[in-house]
C-alpha cells in the first residue's frame, strides 16, 4: 500500500514538473496529431493557432511555419533529429516598440508513429543577437578606422584569444605568433612576469581598468613607447562568463587590451614622471616611488601569494671616496651605481635610491636564491668597472643584504629591517659581499 | 449543506456568489474554480479543478498561478486580460474557448475570467467542453 502511495505522489510531482517546465514539449504522431502537450507549449501556440485548438501541432503552427508536414514527411530515416532549433518568425513586431517574436523548434522522430517537439520563445535571445551584430559593426568600423591603437582580446588568463588587423599594424605580430600567448608578448624581456600578467587583470577587475606606460615590443624586436590599457569586458547587470562575448567577434574574450603607440609624446610625459617620481641625482626611482611600488606589490601578494625579495645595496667606504676625491666624484659614483642597477635588474624590478648612498631593489615574484644571483652579478659588475672623474680613475665596491617577505610580516618596514641587518653582516664580514638574512 | 449549492457556469453575478461560498461548497461545483489574489497567488482551488489537473490543492495553494500552476494561461488571452482589467479599474467577465493541457493532454475548455475592482479574489473558472 505504502509503495502505491509513493507512486501516486511521484506521479503528481512528475506532472507538476512538466506543468512548470519552462519550455514547450509536445508528442504527436507523424501527421502532427497531438498526444501529449505541456502548458508552456499551449501558452505559445494558443495565440497563433488559426482555429484556436491544439489537436494538431502542424495545424496550430500553419500560420507561421506552413512547411512542417512536408519537412517531416521528407525525413526518410526511421528515427532521428529532423530539425534542430529551427527559427520561426512569429511576427514582425513594431520597430522600437514591440520586439518581433521568434520561436525555436526542434523536431525529433522517435519511430514511425511518434514525433517529439521542443518549442521555445527565443525573442529575447534574438533581440540580443541583433544588438550584438549592431555593436560589432560599430566596433569593426572603429577598429579599422584607427591606426595607432592595437585592440587585443584577452581570455580570463590574459592570453590573446582573437586576432585583428590593428595588432599587426601596431606591433607587426601575426595571428600565429600571438594567439594563445599571454599579452606579455608585447612587453620587452624582464618588463613583466606571469604574476604581473594576472595582477593587471585583477587590478582591472577591482578598479575597472589597469593602465601602464612603458616600452613595448614589436615582432621584429624593436621597441616603442606605449600605453597599455586593460579593461574587463562585462555587461551591466550580468556578470556571467557568456557575457564576455558581448562585444562581438573582435572582442570575444574576458578583457580588452588597448595598446597605443605614444612614442611622440614620450618625452613630455616622461619628463613629468621623472620630475615627481625619480631621484634628481641618479634618475632612478626615488624613495616615494619605491614605497608606492612596495605597497602595490604587497597588496598583490596578499591577493595572490608569491615570493617577494628585497636587496639593499650600499657603496663601500663612500665617505672615504667623498673625502679623497670630492663630492662631484661621490655623485659620479652614485650615478654609475644607479646606471648599473637599471642595467642589471629586470624592468619589472624597482631599483630606487632610498638614502644617501643606500639603494634598494624590490624583486617581485622572486625568491632569495634568485635575488642572490642578480645581486652578486651587480656586485661583480661594480667591482670590475672604473668611474672616471676629471681624469681620475675611481674604483669602488658595494655590499648587499637580501631578505624575503614572509607571510607573518606586518609590512615593508620589517622587510627593510631584515635586509639592512643582512647588509650590516656583509659589511662586517669584509665588504664587497652579498649576505642573506639569517634567523638570529 | 453542500448539496444545496447549485451554480451554473454562466451564472450571473458569479464572483460575488463564489465569494460567499465556503471551500467545501466550491468542491461540489461541476466546474473548476481557481481563485487568485492581487499578486496572482492561488488562494482557492476546488476539488473539480484538482481532479482535472491531477494536482492536489496543497501543491497549488499559495503558489503563483501563471508560473507554477498554469503557465499555459500566461499569455495575452488570459493573464493579459486580468492585467488590463486591473490597470483600467474595470470589471472583467469574459468567457473564452481555450485549450488546457490537463495531465499533458490537450483539452478543450471554456474559461470564464472574473475580476471586479476592489474585490480581493479574482477567479478563473474552467469547464470542459463535451
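Laboratory data are not the source of any read-out in this text; all were calculated from the coordinates shown. This structure is a prediction, so every number in the text was calculated from the model and none was measured. In this analysis, Cβ positions are derived from the backbone assuming ideal geometry, glycine residues included, and neighbour counts consider all displayed protein chains.
Of all beta bridges that DSSP places with both ends in segment B:13-128, some 100 percent have antiparallel geometry.
Just so you know, the averaged projected area of the alpha carbon convex hull for the protein assembly as shown sits at 42.9 nm². Taking a ≥ b ≥ c as the square roots of the Cα gyration tensor eigenvalues, with a/c under 1.5 meaning rounded and otherwise prolate when a/b beats b/c, else oblate, which class fits segment B:13-83? Oblate shape, in that a/c is at least 1.5 and b/c is the bigger or equal ratio.
With contacts taken as Cα pairs under 8 Å and at least 6 residues apart, chain A reaches a relative contact order of 9 percent. GNM on chain A, alpha-carbon springs under 10 angstrom: the most fluctuating residue among A:15, A:61, A:339 is A:15. If you bin all the Cα-Cα distances of chain B at 5 Å, starting from zero, the percentages per bin are 2, 11, 22, 26, 23, 12, 4, 0. For chain A, the longest principal axis of the alpha carbon atoms and the long axis of helix A:2-20 meet at an angle near 80°.
Could you tell me the center-to-center distance, by alpha carbons, between segment A:38-67 and segment A:186-213 in angstrom? First find each Cα centre; the distance between them is then 56 Å.
Shape index of segment A:342-411: Rg/Rh, with Rg the Cα radius of gyration and Rh the Kirkwood radius from the inverse mean 1/r over Cα pairs, equals 1.04. Note on B:14, A:86: ascending count of other Cβ atoms within 10 Å places them as A:86, B:14, the fewest first.
Taking 0.36 nm per residue of separation and subtracting the current Cα-Cα distance, fully stretching the chain between residue A:157 and residue A:275 would add 38.9 nm.
For chain A, the longest principal axis of the alpha carbon atoms and the long axis of helix A:123-145 meet at an angle near 40°. The relative contact order of segment A:34-84, computed from alpha carbon pairs under 8 Å that lie at least 6 residues apart in sequence, is 23 percent.
Mean-square fluctuations from a GNM of chain A, with a 10 angstrom spring cutoff on Cα atoms, peak among A:121, A:261, A:205 at A:121. Working from Cα pairs under 8 Å separated by at least six residues, relative contact order for chain B is 23 percent.
Using the Cβ-Cβ distance between residue A:287 and residue A:174 with R0 set to 56 Å, the FRET efficiency works out to roughly 0.80. Between the helical axis of A:327-344 and the longest alpha-carbon principal axis of chain A there is an angle of about 30 degrees.
Determine the percent antiparallel among the DSSP beta bridges restricted to segment A:335-440, to the nearest 5.
Roughly 70 percent of the DSSP beta bridges within segment A:335-440 come out antiparallel.
On the beta carbon distance between residue B:128 and residue A:110, with R0 = 25 Å, the FRET formula returns roughly 0.30. Stretching the chain fully between residue A:264 and residue A:9 yields a gain of 84.1 nm (0.36 nm per residue, less the alpha carbon separation). For the residues A:183, A:396, A:255, a GNM of chain A with alpha-carbon springs under 10 Å puts the largest fluctuation on A:396.
What FRET efficiency do you get for residue A:135 and residue A:377 if R0 is 51 Å and r is their Cβ-Cβ distance, rounded to the nearest 0.05? Once rounded, the FRET efficiency stands at 0.50. Each principal axis of the Cα cloud of segment A:2-121 was evaluated for its coordinate range; sorted largest first, these ranges are 58, 40, 25 Å. Taking every alpha-carbon pair within segment A:278-436, the share separated by more than 20 Å comes to 47 percent.
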